[in-house]
Amino acid sequence: MSDTSPATTDLRGLADLGHAFADAVPELALPWTAAEAPAPRLLALNESVAGDLGLDPAELRTDAGLGLLVGTRVPTRAKPVAQGYAGHQFGGFAPRLGDGRALLVGELHDRGGGLRDLHLKGSGRTPWARGGDGLAAVGPMLREYVVSEALHHLGIPTTRALAVTATGATVRREVPLPGAVLARVASSHLRVGSFQYARALDQASDQQSGAQSGAQSDGSGGDVVRRLADHAISRHYPELVSIGSDPERYLALFRAVVSAQAALVARWMLVGFVHGVMNTDNVTISGETIDYGPCAFLDVFDPTTVFSSIDEGGRYAFGNQPPITEWNLARLAEALLPLLDEQQERAVEIALEALGGFREQYAEAWSSGMRAKLGIAHVDAEVGAALTDDLFGLIRGQADYTSYFRALGRAARGDLAAARDRVLDVAGFDAWATRWSSLQPDAAAMDRVNPVYIARNHLVEEALADATAGDLAAFERLNDALARPFDERAGLERYAEPAPAGFGAYTTYCGT
Ligand code: AMP
Ligand code: MG
């Protein structure tokens, strides 16, 4: 934990490591260096992600490679930074969050030519750490690895895990735990909270210049926000660069984020994923899922499901995720207001109009996704919505969400027993199944969108407990199963089964 220069490394594939973010918005980029790791040991390496970045897995396993993965040896030209951001946490505004225990090492090109952040989590205290120790434990970092990879293989936009490396340090939580650093890759780490932080900086400098000149500030501000928005456009929505007029370009950026987030949250809802901590600092501009803390997949279908121990009010319950996303986007709109129009009232009108697109786009993504899950992509949205609502009435509080849709796949092939046996209202199911079957559901298409294997809570817990005790076998087997989630395989039956009855109501802890 220091701001002295780290040792350097010159691994292949890192020659073009850049610092575009730090150059574009230095106000949000604090040069910093990782803490020493006493005895780095690789626990998990994602060779496919490494390959995508042009990194050599064999080299990443060497001392120099491990140094890169824990941040103690960075490329000669790298400028690692801790990123500044703000955020609404459970609805309350925290003006100074930032990477308290993370570093952006820099940006790399992937094989497709896109820029990808290489980022470390658990790399020691930074000036943003507040009361935190800057560290992370093996369990939560492996959880992020396994769950983020599961989402990726389900086709859901997400940050990717490159590696988890045990540091050899002990992390003090309720009990002493082995420490680790997660190396992750993202199309960027720009968050709604980054814009909130930038806006606050602009407002502060507005006030200062207003006070100095003795005049009222015009409130236009917008320099840091503007640079951040330009950076976001060039990274994520380059097709917008050519929009000549400023307000239109920034409005297009906002609309693009609204669309990306509407699509993302619909994908979560369709697979039963509960993010758990949808604070605005955990919402990306790219539309990738980020910051896996107390996340979990639904077992039994119930929109009120909350897993996180700290979410006492159920703010981030499964069924609340779409309206919470809309709320978070409203916070982004507020930060962008000075870029949308010089007159605040007009800017608010413009922002509200654009935000209005969220519900429509979410509804469309959800509706078409649900019809696909039911094998009736060809039917009208209203027909699909009625069938979906009635099905949810039948299974709510009763059936395991994921395996029920696979059971419906068997029902579409004529074998109704599994789906019928899992609901209490058998007559209701029969009536529903008659309506649904008359639409000739496509069973093969259903199996392509309804996963067999998800990162089930009891399997994740089992894998992490073993890994924390030093045995990675269960973690590796789980990752293998989740790498092909739609493809039912002999020998993996237990990975497809709902949690055992004794598993009870599951709670995830933020003790990350
Ligand atoms: P998260 O809940 O992981 O999204 O983190 C929320 C904020 O708390 C971020 O600013 C993190 O950097 C910070 N944070 C979380 N855990 C720690 C820790 N152990 N040490 C320092 N900062 C932390
Ligand atoms: Mg976070």
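When we screen S123, S205 for residues that are in a helix (DSSP H, G or I) and among the polar types (S, T, N, Q), the only hit is S205. Taking each residue of the range 308-325 that is under 15 Å from G92 (Cα atoms) and looking for partners that are part of a loop (DSSP other than H, G, I, E, B) and of a type in the set (G, A, S) with beta-carbon atoms closer than 8 Å, six or more apart or interchain, yields D311/G276; D311/A317; R315/G91; Y316/G276. Right, V147: more than 12 Å from ligand 1 (Cβ to nearest atom), under 15 Å from the mean Cα position of the chain (by Cα), outside any strand (DSSP E or B) and of a type in the set (V, I, T) or not? Yes; evaluated as a whole, the condition is true for this residue.
So, of the residues in the range 152-178 that are out of contact with any helix residue (DSSP H, G or I) (no Cβ under 8 Å at 6 or more places or on another chain) and aliphatic (A, V, I, L, M), which turns out to be farthest from ligand 1 (Cβ to nearest atom)?
Per the criteria, the residue is V175.
Beta carbons closer than 8 Å, at least 6 apart along the sequence or on distinct chains, pair a first residue in the range 14-33 that is surrounded by fewer than 19 Cβ atoms within 10 Å (Cβ to Cβ) with a second that is part of a loop (DSSP other than H, G, I, E, B) for E27/G84; P31/D3; P31/K79; P31/P80. Of all residues in the range 97-108, those that are within 13 Å of A183 (Cα to Cα) and more than 6 Å from ligand 1 (Cβ to nearest atom) have Cβ atoms under 7 Å from Cβ atoms of residues that are assigned to a strand (DSSP E or B) and β-branched (V, I, T), 6 or more apart or on another chain, in L103/V81; L104/V81; V105/V74. Look through the range 60-105, keep the residues that are of a type in the set (S, T, N, Q) and away from ligand 2 (no atom under 16 Å from the Cβ), and return whichever of them is nearest to the chain's Cα centre (by Cα). Here the residue is T72. Consider the range 277-326 and keep the residues that are in a loop (DSSP other than H, G, I, E, B), of a type in the set (V, I, T) and under 28 Å from S188 (Cβ atoms). The one that is farthest from ligand 1 (Cβ to nearest atom) is I285. Do we find a residue being free of Cβ contacts under 8 Å to residues at least 60 places away in the same chain and at positive phi anywhere in the range 193-203? No, the range 193-203 contains no residue that is free of Cβ contacts under 8 Å to residues at least 60 places away in the same chain and at positive phi.
Here V460, V452 are screened, and the one residue that is in contact (Cβ under 8 Å) with a residue 24 or more places away in the chain, touching a helix residue (DSSP H, G or I) at 6+ places or on another chain (Cβ under 7 Å) and in a loop (DSSP other than H, G, I, E, B) is V452. Scanning the range 441-476 for residues that are farther than 30 Å from L408 by Cβ and surrounded by fewer than 21 Cβ atoms within 10 Å (Cβ to Cβ) yields A465, D466, T468, A469, G470, D471, L472, A473, E476.
We did not get these values from a lab; they are worked out from the coordinates using the rules stated. Just so you know, these numbers come straight off a predicted model, no measurement behind them. Cβ: placed from backbone, ideal geometry, glycine included. Neighbour counts: every protein chain shown.
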